[in-house]
Amino acid sequence: MEQKEDLLKEVISHAKEYGFVFPSSEIYDGLAATYDYGQLGAELKNNIKQYWWKAMVQMHDNIVGIDASIFMHPTTWKASGHVDAFNDPLIDNKDSKKRYRADVLIEEHIEKIRQKINKEVEKAAKKFGDAFDEAQFRATNPNVLRNETKITEIEDRMRVTLENNDLEGVKQLIEDLEIVCPISGSRNWTEVRQFNLMFSTEMGSVAGDASTIYLRPETAQGIFVNFLNVQKTGRMKIPFGIAQIGKAFRNEIVARQFIFRMREFEQMEMQFFVRPGEEMKWYNHWKETRLKWHKALGLGEKYYREHDHIKLAHYANAACDIEFDFPMGFKELEGIHSRTDFDLKQHEQYSGKKLQYFDPELNQNYVPYVVETSVGLDRMFLAVMSASYKNEQLEDGSERVVLRLPAQLAPYKVAVMPLTKKDGLPEKANEILDDLRFDFNCQYDEKDSPGKRYRRQDAIGTPYCIMVDHQTLEDNTVTIRDRDTMLQERVAITDLRSKIDAKVSWRNLLTK
Ligand code: ATP
């Protein structure tokens, strides 16, 4: 556990040192939970967006992408339920003065019980060796069973109290579980209160309720209000999807863990409109498709797990999270929700406009059902960074820090280097670079020894380094060094493009 916490610290400082992520407004000592993406961070972020946009929009005939505004008519948020129900239950510890999400405190308690079970299983696995049958052990061991029952009971109570907005019941549960504040260690809690997560501001120069608008807390509503515009102008036939990447804002009670939970963040969302009654089929389809998209990056299967929701949002009839093993443990990376016809119906009601689709095959009008996939761009960034960050021990006893980023996501694909700063080598290197940069994002680097330069490129995840030496001037060949194997190979300059492309092409990822 401790090791993993160190990993988060290391990733944060690495991200800062190499220009991926800076604390925002740092010269004024920063602003809580707000970060700026630096020169390399912006590249990595753009590449993640591109991977998503290509896979979700451009590889599908029936999915298109839009870019809606952040400000929307205030009635949007009445209709969507956010004004009344986009709340988190908060609770304060009177001794530490720290504020928590009540449901998170309970979930963390459940996680602790789950860890106990896992320890029990691990212990038994060690004891019984090859003969160990985990499924049978889990089904019969009294300690495991007792703890499983405990978890189910807590989950049931949590679900019922939250669904009924029974805040006293939530508080009682926290008391019954004897949950203590991680900072003060005390059980001196306030009442549980609901807290609305939307940021509001005023439009124009007139103050007052009439001009209050919200910064969108999700990009989805920009898609719903444009449902008919896109369907009609794009001649879309159900089933079809509308995708969007954009900023969202939530006044989170506790924003922490670097870019994992911020108050301003970016979402990549797709709303898939389907025939009523077919939503579960599509829900399962998108669950599977999205998991595949994540795993194709090659960070490792072990990083992912699915988690079905017990407490459904006000709009959903099924929901699941794709969780990632972040340095702080398994947490939500993406949500897949079956949103029913809730949003479109609500907008029909509040706007007085029909938001229906005429299905020529059924010869019938209906409000489509919606399956949503929603992934946090910043969380993707953290997932990719933390799983790629490696501190490696080399054979010669030295160490290197390498970002084993999926090649397609790496900020630079190639670094071009002259062996020395003289003899016409820089000119030759620049000639190669000027040609390659039409296809790949490249960097020129001539300072310091080759070894140091290689390390620098390893640390920012550049898949290839090209070294231009004296032989290059004679026979137009260079050495190309692979980030992961560190092996160097001599190749003709004319072969460079296809060699690099074979590694960094989007096709490799999208066909997985
Ligand atoms: P959580 O339970 O972690 O608060 P959520 O269930 O409220 O997340 P959704 O409403 O499903 O999140 O939003 C979709 C995605 O947007 C999430 O899977 C996550 O990747 C991202 N996201 C949500 N809130 C934040 C935030 N405060 N900072 C960064 N990313 C976020």
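Between Glu10 and Ser96, how many nm apart are label points set 7 Å from Cα along the C-beta direction?
Distance between the two pseudo-spin positions: 2.6 nm.
In deg cm²/dmol and to the nearest 500, what is the mean residue ellipticity at 222 nm of the chain if only DSSP H runs of at least 4 residues count, each as -39500 (n - 2.57), divided by the residue total? All intermediate terms of the calculation are to be shown ahead of the outcome.
Values: 18 runs with 200 residues, N = 512.
After summing the helix terms and dividing by residue count, I get -12000 deg cm²/dmol.
Let's test the formula: R0 of 30 Å, r as the Cβ-Cβ distance of Thr511 and Asn476. What FRET efficiency results, to the nearest 0.05?
0.40
Which FRET efficiency value, to the nearest 0.05, do you get for Glu202 and Glu489 by plugging their Cβ-Cβ distance into 1/(1 + (r/R0)^6) with R0 = 51 Å?
After rounding, the FRET efficiency stands at 0.25.
Fully extended, how many nm does the chain gain between Arg400 and Arg305 (0.36 nm per residue separation, minus their Cα-Cα distance)?
Extra length from Arg400 to Arg305 when fully extended: 31.2 nm.
Rounding to the nearest 10 and keeping the result within 0 to 90°, find how far the Cα-based axis of helix 142-163 lies from the longest principal axis of the chain.
Roughly 70 degrees, rounded to the nearest 10.
Using every Cα-Cα pair within the chain, state what percent have a distance larger than 32 Å.
Within the chain, distances greater than 32 Å cover 53 percent of Cα pairs.
In what sequence do Leu409, Leu162 fall when counting other Cβ within 10 Å, fewest first?
Leu162, Leu409
Cross-link candidates for Lys49: which lysines have Cα within less than 17 Å, leaving aside residues fewer than 8 places away along the same chain?
Reachable lysines: Lys247, Lys292, Lys295, Lys413.
Which whole-angstrom value gives the distance between the alpha carbon centres of the range 168-189 and the range 325-370?
Answer, in whole Å: 37.
In terms of modelled amide H atoms, which long-range or inter-chain residues lie less than 5 Å from the amide H of Leu297?
none
Would you mind checking which residues have amide H under 5 Å from Ile213's amide H? H placed 1.01 Å from N; only 5 or more apart, or other chain.
Correct list: Thr201, Glu202, Met203.
A short reminder: the numbers here are calculations on the coordinates, not readings from a lab. Bear in mind that the values here come from a model prediction, so they are computed numbers and not experimental data. Note that each Cβ is placed from the backbone with ideal geometry, even for glycine, and that neighbours are counted across all protein chains shown.
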